[in-house]
Amino acid sequence: MASFMPDVETTFARDIIVIEDQPIIMPDGCRLSARIWMPKDAQDDPVPVILEHLPYRKRDGTIVRDSLTHPWMAGQGYACIRVDMRGNGDSEGLMEDEYTPQELQDACDVIAWATAQPWCSGTAGMMGISWGGFNALQVAALRPPALKAIITICSTVDRFADDIHFKGGCLLGENFGWAANMLSYSSRPPDPMIVGDRWRAMWLERLEAMPFLAREWISRQTRDAYWKHGSVCEDYSAIEAAVLSIGGWHDGYRNTISHLVENLDAPVKGIVGPWIHKYPHYAGPEPRIGFLQEARRWWDRWLKGIDNGAESLPAYRAWLMDSIAPARWVDERPGRWIAEAEWPSAHSNLLSLELGDGVLGATAISGLVAVDSPADCGSQAGEYFPFAYGPELPDEQSPDDAKSVCFDGDALADPLDIVGAPRLVIRAVSDKPMAQLAVRLCDLRPDGTSALITMGILNLTHRQSSEEPELLVPGEAFEATVTLDQIAYRIPAGHRLRVAVSTAYWPFIWPAPDRARVTLEAGRLELDCRTVFAEGDECSFEKPVGAAPWRHDNLKPSALTREIETDPVTGIITTTIFNDDGEDRDLEHGLISGSSTLERWSIHPDDPQSARVQICWKQTGGRDEWRTETVTDMEMHCDRDWFFIAGRLVASENGETVFARDWEERIARRFV
């Protein structure tokens with residue numbers, strides 16, 4: 001496997017200092033803990049602030065990327081502030097949920113504190129990936145006076161339609177997975193070296209108040225006020241700060257870049273590479289980019305007022321991916337960078353293809369086409385957002401194609417560049433009041449493999465509205481549009497397009513209560529196709545660089561495995577994923593940290609109500625004679641009307657249990 005670490009730079013324009021624990025006191029008295037990198041002479045030559053506000057523990061959770069990023073940017077004349085959110089890491093207070101009004105207000109208060117310091121020039125930026133990208137957008141919508149620009153990576157504008165919880169009105173498997181993840185992440189103690197003797201009292205208080213987010217997230221099955229909070233698409237005009245939006249084609253949050261560039265009135269630019277859920281200076285697959293140089297140009301323009309042309313960059317830059325043989329992981333994704341001066345693209349043309357009798361082209365369906373997939377269809381999907389440099393990408397699609405209804409185009413005479421979000425418009429009937437559709441656009445290669453280009457899913461009760469879903473009337477025709485995820489992909493001459501339609505996509509989405517048959521009466525695929533090699537459309541980036549990597553000892557290596565087994569007696573199919581991140585010791589302060597996850601996703605092909613998931617997370621930490629461990633076990637299954645969820649959290653110190661709690665929930669299914 002290739003190394004994805006950037007080239008190391010250790011000499012900067014300004015010498016830096018690091019403050020390991022800067023207390024920042026909130027108006028209600030809560031002490032947040034921050035780590036700050038800044039120029040040594042900032043008191044004499046003040047600098048702008050760049051805030052990253054997260055629940056992921058600066059001491060050991062984000063230490064790898066923090067080491068690469070923040071010292072480098074501080075050396076360019078910025079104060080980089082990495083804050084542990086309240087209730088996490090070394091900060092006081094209690095964790096309640098993601099993106100709460102308190103979280104966002106805390107970020108505003110941190111900005112106000114920082115810009116009032118004598119070492120700050122008075123302007124601020126905010127950045128982050130995933131959670132930090134989400135709250136950067138949400139804080140920007142609140143318009144704290146000093147916040148002039150943000151960089152948001154792998155984020156969303158719509159917390160219901162395009163987050164880790166629901167998609168197309170379907171309950172994502174990762175909704176439950178993320179709830180288990182956060183219960184585990186937030187269960188860890190603060191570091192006694194930072195907070196002193198009160199660490200145990202803080203830990204126990206934290207554990208006692210731990211939210212069971214699976215209940216919160218799964219019980220809210222329509223796009224209500226809970227999901228609208230923090231969804232900046234509700235009012236794009238609220239954002240006045242300059243926005244640089246970045247994402248990856250192999251990440252679950254690939255649509256945001258297009259949405260922001262198309263809808264913001266504020267200065268905005270977008271970049272999409274072939275990456276998984278990582279910062280683009282150390283992301284895979286290749287090619288990585290000089291993200292820090294791009295970020296410096298953004299900050300220099302909007303926080304320092306340097307006239308460097310950042311506002312004149314192309315509106316949208318994307319890696320146009322070439323066709324390759326599908327695999328669970330590739331080190332490099334061939335293609336080329338393209339640039340659009342405006343978005344939507346002026347180079348785009350609409351190509352409309354009819355769903356025919358097993359074909360895709362100019363002729364419409366002559367009869368009715370029934371789609372009735374077994375419940376285990378979807379095994380080749382890959383992870384919702386791949387995070388490891390390992391087997392998490394979509395695999396060869398033929399096994400899922402065989403469980404779907406497929407419409408194949410003719411071999412292309414010329415290359416075709418698809419850049420945008422494909423759409424499938426259908427007229428159909430269902431034999432059940434609730435049903436789902438998964439639509440995959442595939443590249444049929446001359447070697448016989450089927451490679452996933454992009455996909456979309458739709459809970460058909462949400463076909464008109466996710467705020468007020470409506471049951472289908474069995475036997476009554478309806479119309480619906482399935483919007484697939486954004487993509488930039490070249491289909492070479494000689495390849496064929498395939499549209500694969502299924503009524504299941506496990507374990508990517510939770511199945512509908514009953515196996516449904518959806519009969520297609522008509523369908524049309526709409527593709528935004530870009531002029532091949534449009535004049536002057538190419539762009540490039542500087543090479544990836546970073547500061548010195550994290551200094552640590554590896555105490556236990558990492559491991560990642562994925563297996564699918566069928567029980568010969570019951571016929572139940574189980575996907576087992578084991579991900580051990582290993583264990584490391586920090587060479588500066590000695591803190592030990594490690595984690596591992598075991599997931600089991602089971603279903604019978606003939607019974608969607610047999611769906612079951614079990615997830616166990618283990619977190620380890622401590623120092624030589626002081627060790628802590630938390631173990632989180634969670635399980636969910638269902639019947640036609642209810643979700644049944646169980647959880648257990650056990651925390652121990654030096655092998656002795658200090659806390660244990662169980663949860664049992666029954667949550668009604670409403671249109672899911």
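The values are calculated or read from the model by the stated rules, or taken from the named source; none is laboratory data. Worth saying up front: this structure is predicted, and the values here are computed from it rather than measured. Because the Cβ atoms are built from the backbone with ideal geometry, glycine has one as well, and the counts that use them run over all protein chains shown. Side chains included, ligands, DNA and RNA excluded: accessible areas come from the protein's heavy atoms. Shrake-Rupley method; radii C 1.70, N 1.55, O 1.52, S 1.80 Å.
The peptide list 490-499, 427-436, put in order of mean Cβ contacts within 10 Å with the highest first, becomes 427-436, 490-499. The Kirkwood hydrodynamic radius of region 91-158, based on inverse pair distances between different Cα atoms, is 12.5 Å. Gain on full extension, evaluated as 0.36 nm per residue between Val64 and Glu216 minus their Cα-Cα distance, stands at 51.6 nm. Which whole-number percent gives the relative contact order of region 105-188, counting Cα pairs below 8 Å spaced six or more residues apart? Averaging sequence separation for qualifying contacts and normalising by length gives 21 percent for region 105-188. Hey, if you drop one equal point scatterer on each alpha-carbon of region 202-335 and run the Debye formula without solvent, what base-10 log of I(q)/I(0) do you get at q = 0.12, 0.20, 0.21 Å⁻¹? Those come out to -0.69, -1.14, -1.18, one per q.
With θ taken as phi - 60° and the Karplus curve 6.51 cos²θ - 1.76 cosθ + 1.60 applied, the whole-hertz 3J(HN,Hα) list for region 340-353 is 10, 5, 9, 9, x, 5, 6, 8, 8, 10, 8, 10, 10, 10 Hz, x standing for glycine and proline. Per residue, the chain reaches -4500 deg cm²/dmol at 222 nm when only DSSP H runs of four or more residues are counted, each adding -39500 (n - 2.57).
Cα-based radius of gyration for region 160-274, normalised by 2.2 N^0.38 Å, reads 1.38. With the convex hull constructed from alpha-carbon coordinates only, region 115-215 shows a mean projected area of 9.1 nm² over all directions. Averaging 1/r over every pair of different alpha carbons in region 1-158 and inverting the result gives a Kirkwood radius of 15.8 Å. Derived value for the chain: Kirkwood hydrodynamic radius 25.8 Å. Basis is the mean of 1/r over every pair of different alpha-carbon atoms. Computing Rg and the Kirkwood Rh from the Cα coordinates of region 368-421 gives a ratio, Rg/Rh, of 1.05. For the pair region 607-660 and region 481-495, the centres of their Cα atoms are 40 angstrom apart. Our coupling estimate for region 313-329, obtained by passing each phi through the Karplus curve with A = 6.51, B = -1.76, C = 1.60 and θ = phi - 60°, is 4, x, 4, 8, 10, 9, 8, 7, 7, 7, 6, 9, 4, x, 7, 5, 7 Hz, Gly and Pro reported as x. Exposure check, 1.4 Å probe, all protein chains in place: Cys30 carries approximately 10 Å² of accessible surface. Which whole-number percent gives the relative contact order of region 442-530, counting Cα pairs below 8 Å spaced six or more residues apart? After rounding, I find 30 percent.
To the nearest 10, the accessible area of Ser67 is 20 Å² with a 1.4 Å probe.
Computed about its Cα centre, the charge dipole of the chain is approximately 280 debye, with only Lys, Arg, Asp and Glu carrying charge at their Cβ. Computed extension gain for Ser366 through Arg623, at 0.36 nm per residue and net of the alpha carbon distance, reaches 85.5 nm.
In region 517-672, Cα pairs under 8 Å separated by at least six residues give a relative contact order of 12 percent. Global dimensions of region 39-85 from alpha-carbon coordinates: Rg and Dmax equal 11.3, 33 Å.
Cross-link check: pairs Lys543/Lys618; Lys58/Lys148; Lys148/Lys618; Lys167/Lys278; Lys228/Lys618 evaluated at a Cα-Cα cut-off of 28 Å; pairs beyond the cut-off: Lys543/Lys618; Lys148/Lys618; Lys228/Lys618.
A compact globular protein would have a Cα radius of gyration near 2.2 N^0.38 Å; the ratio found for region 234-281 is 1.18. Ignoring lysines fewer than eight residues from Lys40 along the same chain, the ones with Cα atoms less than 20 angstrom from its Cα are Lys304. Taking every protein chain into account, the 1.4 Å probe leaves Trp298 with about 10 Å² of accessible area, to the nearest ten. Packing, taken as the mean count of other beta carbons within 10 Å per residue, orders the peptides 501-510, 565-574, 39-48, 613-622 from highest to lowest as 501-510, 613-622, 39-48, 565-574. Rg and Dmax over the alpha-carbon atoms of region 373-487 stand at 15.9, 47 Å. Descending by average beta-carbon neighbour count within 10 Å, the peptides 307-315, 280-288, 89-97, 226-234 line up as 280-288, 89-97, 226-234, 307-315, the highest first. With 5 Å bins beginning at zero, the pair-distance distribution over Cα atoms of region 268-356 amounts to 3, 11, 17, 19, 17, 14, 10, 5, 3, 1, 0, 0 %.
When the Cα atoms of region 525-644 are aligned to their principal axes, the ranges along those axes come out at 65, 53, 29 Å in descending order. In order along region 490-504, the phi-based Karplus estimate (6.51 cos²θ - 1.76 cosθ + 1.60, θ = phi - 60°) of 3J(HN,Hα) comes to 9, 8, x, 4, x, 8, 10, 8, 10, 9, 10, 10, 9, 9, 8 Hz; Gly and Pro are listed as x.
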